[in-house]
Amino acid sequence: MKQHNTEALRQQDAAHHLHPFSDMQSLNQQGARVITHADGIYLWDSEGNKIIDGMAGLWCVNIGYGRKDLPEVAKKQMEELAYYNTFFKTTHPAVVELSTLLNEVAPQGFSHVFYTNSGSESVDTMMRMVRRYWDVQGKPQKKTLIGRWNGYHGSTIGGASLGGMTYMHEQGDLPIPGVVHVEQPWWYKHGKDMTPDEFGLQAARWVEEKILEIGADKVAAFVGEPIQGAGGVIIPPATYWPEVERICRKYDVLLVADEVICGFGRTGEWFGHQTLGFRPDIFTTAKGLSSGYLPIGAVFVGDRVAEGLLAGGDFNHGFTYSGHPVAAAVAQANVRALRDEGIVERVKNETGPYMQKRWRETFGNFAHVDDIRGVGLIQAFTLVKDRSKRELFPDWGEMGMKCRDIFFRNNLIMRACGDHIVSAPPLVISKEEIDKMLDVAARCVETFE
Ligand code: PLP
């Protein structure tokens, strides 16, 4: 294995590299952790530490690190056709084969996909697409998109606007006009004095109220992650999504699921909306589509919207690398492996249920841990001041960051989203590895308490 000079890498990194979502001042004082290689669910840093990746990178390495087949596919495709575009009525075999394969794993009625390079681009594509759809329908006034507070839809101006992260809105005058938000369906905080099912209906009513406030004739779409990821793994009560779907149908508002995290097996079905029991008109994906081996995203377009777009002729939108041949070939190999090696099925029947059981057993008895939750291989708990009153800590996020740092020092990566501690490991994690990961996590939380 290649040797690295950690100090030199840190200094050069600090001198020349602006990191995303990082406090650069403190990063430059401490120096970044240098990750050099990876295998399965493990990462190694330049100092030789073996780290359990309880986050699959950024919720994306569904298939696990170190696969040998994906680089081979990439090499072969790069030699054959490294690049050509899909603009102006051209195509190539890799992207045609991927589209056909995605049609096989998608629910019925999603015959078309539009390619992007990231989740943010998928979200922006979807925002332009729904507005274009209503234009073609002769309803150009239907332009407003409804997102949710604490939702995350990426970092582009469109995605960051649609997301409900106020710390992102504060930087750069967001949201853009035509994007509004409703409260998130987090029962623990917003549903005091109600059962989860009652609260699910209440939270759906907020969507209806917003539609009525704006006027249904002006609302293009409601957009939500089936389970909010970066917002802290907020799993809505079972009543929420079916009721939101009913409301969207009633007012002829398109329903969009942002599946960038939930897609490709994370929740135990291929897509999160299948687990959560609703049917969107469009869903956005990226991450698990290639398990992060190369950047690629796809917007799955339901037949009603696709027919509308096709009737409209040109959709003046696309990226130089939409349907990039090498990314498309790698995504094919990844999706086939997720399907043919039974990885998605195992999350549903085996590792997912096992993780939920062990997650509850592991964290259930800590005084400052509550709202323990999970579906498939995405789970969380919340650090709270007083469990009996469902009272959160006053400085939201401070405890979470401390806890995350203890994990980090113990070579375990889980993430703090405010005071929610979340985990989304590679989908290939074994039961033994789940036990190992949770043993480390429990020891860390013990020192914290
Ligand atoms: N949508 C959701 C639900 C996400 O979780 C993310 C990223 O975490 C994005 C969109 C943006 O994806 P990307 O970072 O690939 O642009």
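If we sort 368-376, 232-240, 336-344, 15-23 on the protection proxy, mean other Cβ atoms within 10 Å, highest first, what's the order?
232-240, 368-376, 336-344, 15-23
Using Cα pairs under 8 angstrom and six or more residues apart, how large is the relative contact order of the chain, in percent?
Contact order relative to length: 20 percent.
Using only the Cα atoms of the chain, what are the Rg and Dmax in Å?
Rg and Dmax of the chain, Cα atoms, are 21.8, 63 Å.
Over 22 Å between Cα atoms: which of Lys357/Lys431; Lys348/Lys389; Lys357/Lys402; Lys143/Lys210; Lys189/Lys385; Lys139/Lys250 fall into that group?
Beyond 22 Å: Lys348/Lys389; Lys357/Lys402.
Quick one: length gained pulling Phe87 to Arg205 fully straight, 0.36 nm per residue minus the C-alpha distance?
Residue separation times 0.36 nm, minus the Cα-Cα distance, leaves 38.3 nm.
Highest first, please rank the peptides 39-50, 75-86 by the mean number of other Cβ atoms sitting within 10 Å of their residues.
39-50, 75-86
Give, rounded to the nearest 20 debye, the magnitude of the charge dipole that the chain has about its Cα centre when Lys and Arg contribute +1 at Cβ and Asp and Glu contribute -1 at Cβ.
With only Lys, Arg, Asp and Glu charged at Cβ, the dipole is about 240 debye.
Taking 0.36 nm per residue of sequence separation and subtracting the Cα-Cα distance, how much length would be gained by fully extending the chain between Thr36 and Lys75, in nm to one decimal?
The Thr36-Lys75 span can extend by a further 11.9 nm.
Is the shape of segment 357-449 best called rounded, prolate or oblate, per the rule: a/c under 1.5 gives rounded, else a/b larger than b/c gives prolate, else oblate, with a ≥ b ≥ c the square roots of the Cα gyration tensor eigenvalues?
prolate
How are the Cα pair distances of segment 200-335 distributed, in percent, across 5 Å bins from 0?
2, 10, 17, 19, 18, 16, 10, 6, 2, 0
Applying 1/(1 + (r/R0)^6) with R0 = 30 Å to the Cβ-Cβ distance of Glu97 and Glu213, what FRET efficiency is obtained, to the nearest 0.05?
0.05
So for Val260, Val384, Val219, fewest C-beta neighbours within 10 Å to most, what's the order?
Val384, Val219, Val260
Each label point is 7 Å from the Cα along the Cα-to-Cβ direction; what then is the distance between the points at Arg443 and Glu183, in nm?
4.2 nm
What does the charge add up to near Arg128, with Lys and Arg as +1, Asp and Glu as -1, over the other residues with Cβ less than 12 Å from its Cβ?
0
At 222 nm, what helix-only mean residue ellipticity would the chain give, in deg cm²/dmol to the nearest 500, using -39500 (n - 2.57) for each DSSP H run of four or more?
The per-residue figure over the chain is -12500 deg cm²/dmol.
What relative contact order, as a whole-number percentage, does segment 1-66 give when Cα pairs under 8 Å and 6 or more residues apart are counted?
Relative contact order for segment 1-66 comes out at 25 percent.
Report the relative contact order of segment 336-449, percent, no decimals, based on alpha-carbon pairs under 8 angstrom and at least 6 residues apart.
25 percent
Any read-out appearing in this document is the output of simple, stated calculations on the displayed coordinates, not a laboratory observation. Note that this is a predicted model, so its numbers are computed, not measured. FYI the Cβ positions are ideal-geometry reconstructions off the backbone, even for glycines, and counts take in every protein chain you see.
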